[in-house]
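Below you'll find the structure, written out as structure tokens, and then a few comments.
The values are calculated or read from the model by the stated rules, or taken from the named source; none is laboratory data. These figures come from a predicted structure and were not determined experimentally. So basically every Cβ, Gly included, is an ideal-geometry build from the backbone, and we count neighbours across all protein chains shown.
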Amino acid sequence: MLRTIKRIGLTALIIATGFALIFVLLIFLSINRFPETSLKYIDDYLLASFDINYEKIKRTGSALTPKLSFTEISILNNSNERIFKAEEITFSIEILSSIIFSSPQLNEISLKIGGQEFFSEKLNFDKDKLNFSHLNYQFLSNSVSLDKGAIYFGQGQLLVNAITGNFNEISGRDFRVNVDIASGKIHFSSNHVPNKKELNIISELINFDLRELSIAPSMSVLESGVYNFRSKELEHLIEVSNIKGRSFFLLDHSLRLMNASLTIKDLQNLEGIIFFNLDDQKNIKANLLGYELRQTPNIQLKTSIDLDPNRFYSDQEFLQLDGETKTNLNIIFSNESITAFAKTDFIGTSFNSPFAYIRKNSDEPLDTDIIYENKSRSLKVTNNKLDVYLPNLTLNSALIHLGKAKTKLTKNLEPNQYYLIADLDSFNTDELFDFLSSQNPGSDQTKLNIDFDIQELYFLIKNILINRAGLMFKMVYLIFN
């Protein structure tokens with residue numbers, strides 16, 4: 001009896017296996033000889049909630065993994081609404097895996113839609129979603145590569161989620177893509193923690209060198225945007241937070257970026273808030289602005305600080321400064337140089353000098369513009385009392401305008417050469433000679449050229465040459481009314 005039951009079971013198993021083999025053979029024949037029929041099977045039985053339409057179908061590949069190419073394919077839902085349309089789809093289907101899992105197991109699928117290209121190594125249906133492996137997407141000059149994730153179909157939309165991947169070769173997590181077929185817009189977002197190599201890539205993207213930033217472990221980048229694949233327009237936003245930076249020197253003083261958050265729009269404009277240290281002043285807040293990053297990039301740091309002028313100016317015998325003053329500072333960083341612009345009224349700072357014209361009390365305002373160029377180490381100071389131009393702080397030379405001088409700047413000043421141009425209502429030359437007499441002799445000679453245009457002169461002298469205290473003083477010409 002037991003032997004009979006075993007014989008019947010074995011016979012049933014053989015029959016079932018035979019039917020399965022026949023079924024597999026029919027599927028093989030359908031896919032290889034009649035791809036339209038196989039697609040209709042997928043549409044009617046495996047994708048019962050959707051309707052697939054196409055213009056043309058072409059079959060290539062092997063018997064076990066036939067490859068099908070469709071042109072002008074669209075997918076309609078139960079309400080006969082088109083939820084997907086593409087110019088071309090090519091994929092290969094794994095027959096055995098599809099039968100075992102009772103759902104299409106697709107391999108090497110490529111998709112062209114609206115001038116974009118998609119490619120995935122693996123794609124399989126799982127109820128209301130498509131699971132993918134190594135999905136690549138290219139649009140304009142950008143490239144997105146997702147490791148593993150799922151595609152969900154909505155009302156006229158495709159939703160793509162992936163845990164890991166990269167955007168333009170920058171690794172990231174939590175990738176979200178929403179494709180709206182009706183509007184032609186693709187909304188995307190992702191999170192990134194770039195390493196130094198990836199920071200190089202970001203530097204190349206925005207055409208500004210960020211490679212010397214030291215990266216904090218908690219630094220994060222949120223990337224988002226909207227791409228219209230019909231109009232080919234891209235709105236791109238990069239939000240960077242918790243940036244730590246190195247120290248650099250401005251006019252021989254240390255400036256260190258402590259923390260910053262930035263927003264870069266369309267790889268062109270930048271804005272943000274930073275905190276930095278300047279010498280022993282801590283956590284100074286500043287606004288950051290950047291323009292034309294893809295053409296002639298420059299980034300501006302704007303802040304207001306209480307500044308001691310002696311941090312940047314060494315007292316000289318002809319002028320001593322005392323006291324701090326509120327200063328509006330604008331530092332412009334480009335790939336070529338660093339330029340600093342400062343505005344101050346010098347309230348809180350007194351000017352002490354042998355020359356009465358230059359003196360100023362601490363409560364007396366004196367609106368002043370200061371420009372410093374780090375590459376040439378040049379300095380320009382302008383206010384109602386004087387204009388001073390130092391072409392290079394290391395050469396000990398300067399062009400000085402007292403009053404409203406009309407003479408253009410003198411170029412190519414020699415080292416240890418000062419050119420003084422005075423346009424004043426009155427001037428006491430005794431102050432000048434007293435100053436010269438007080439100087440200690442030295443080994444270096446300083447050449448001083450002076451042009452006067454003065455309404456009232458207290459001491460008149462022409463064409464004299466004085467060698468006193470190691471200072472060569474030459475009166476070039478004298479004009480008075």
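Just need a number here: residues in the stretch 268-288 that are surrounded by 16 or more Cβ atoms within 10 Å (Cβ to Cβ) and either touching an Asp or Glu at 6+ places or on another chain (Cβ under 7 Å) or outside any strand (DSSP E or B) (or both). Residues meeting the conditions: 2. Within the stretch 346-370, residues that are within 29 Å of ILE332 (Cα to Cα) and without any contact (Cβ under 8 Å) to a residue 60 or more places away in the chain sit with their Cβ atoms under 6 Å from residues that are assigned to a loop (DSSP other than H, G, I, E, B) and of a type in the set (Asp, Glu), at 6+ positions apart or across chains, in these pairs: GLY348/GLU324; PRO365/ASP345; ASP367/ASP345.
Looking across the stretch 107-130, the residues that are at positive phi and out of contact with any strand residue (DSSP E or B) (no Cβ under 7 Å at 6 or more places or on another chain) come down to GLY114, GLY115, LYS127.
Within the stretch 326-346, is there a residue that is of a type in the set (D, E, K, R), surrounded by fewer than 17 Cβ atoms within 10 Å (Cβ to Cβ) and either over 29 Å from ILE299 (Cα atoms) or modelled with pLDDT under 85 (or both)? Checked the stretch 326-346: at least one residue is of a type in the set (D, E, K, R), surrounded by fewer than 17 Cβ atoms within 10 Å (Cβ to Cβ) and either over 29 Å from ILE299 (Cα atoms) or modelled with pLDDT under 85 (or both).
If we scan the stretch 332-341, do we find a residue that is of a type in the set (Val, Ile, Thr) and either out of contact with any Phe, Trp or Tyr (no Cβ under 9 Å at 6 or more places or on another chain) or over 21 Å from ILE284 (Cα atoms) (or both)? Can you show your working first?
Initial filter on the stretch 332-341 (of a type in the set (Val, Ile, Thr)): 332, 338-339.
Those left that are additionally either out of contact with any Phe, Trp or Tyr (no Cβ under 9 Å at 6 or more places or on another chain) or over 21 Å from ILE284 (Cα atoms) (or both): none.
No, the stretch 332-341 has no match at all.
Residue-level check: of (1) at pLDDT 75 or above; (2) under 25 Å from LEU64 (Cα atoms), LEU106 misses just (1). Taking the stretch 167-186 as the range and being part of a strand (DSSP E or B), surrounded by fewer than 19 Cβ atoms within 10 Å (Cβ to Cβ) and without any contact (Cβ under 8 Å) to a residue 40 or more places away in the chain as the test, the residues that pass are SER171, ARG173, ASP174, ARG176, ASN178, ASP180. Within the stretch 131-154, identify whether any single residue is in contact (Cβ under 8 Å) with a residue 24 or more places away in the chain, farther than 22 Å from PHE229 by Cα and surrounded by fewer than 17 Cβ atoms within 10 Å (Cβ to Cβ), and answer yes or no. The answer is no; no qualifying residue exists. With the structure loaded, tell me whether ASN467 is outside any strand (DSSP E or B), exposed (fewer than 11 other Cβ atoms within 10 Å of the Cβ) and modelled with pLDDT under 60 or whether it fails that test. Judged against the criteria, ASN467 is not a match.
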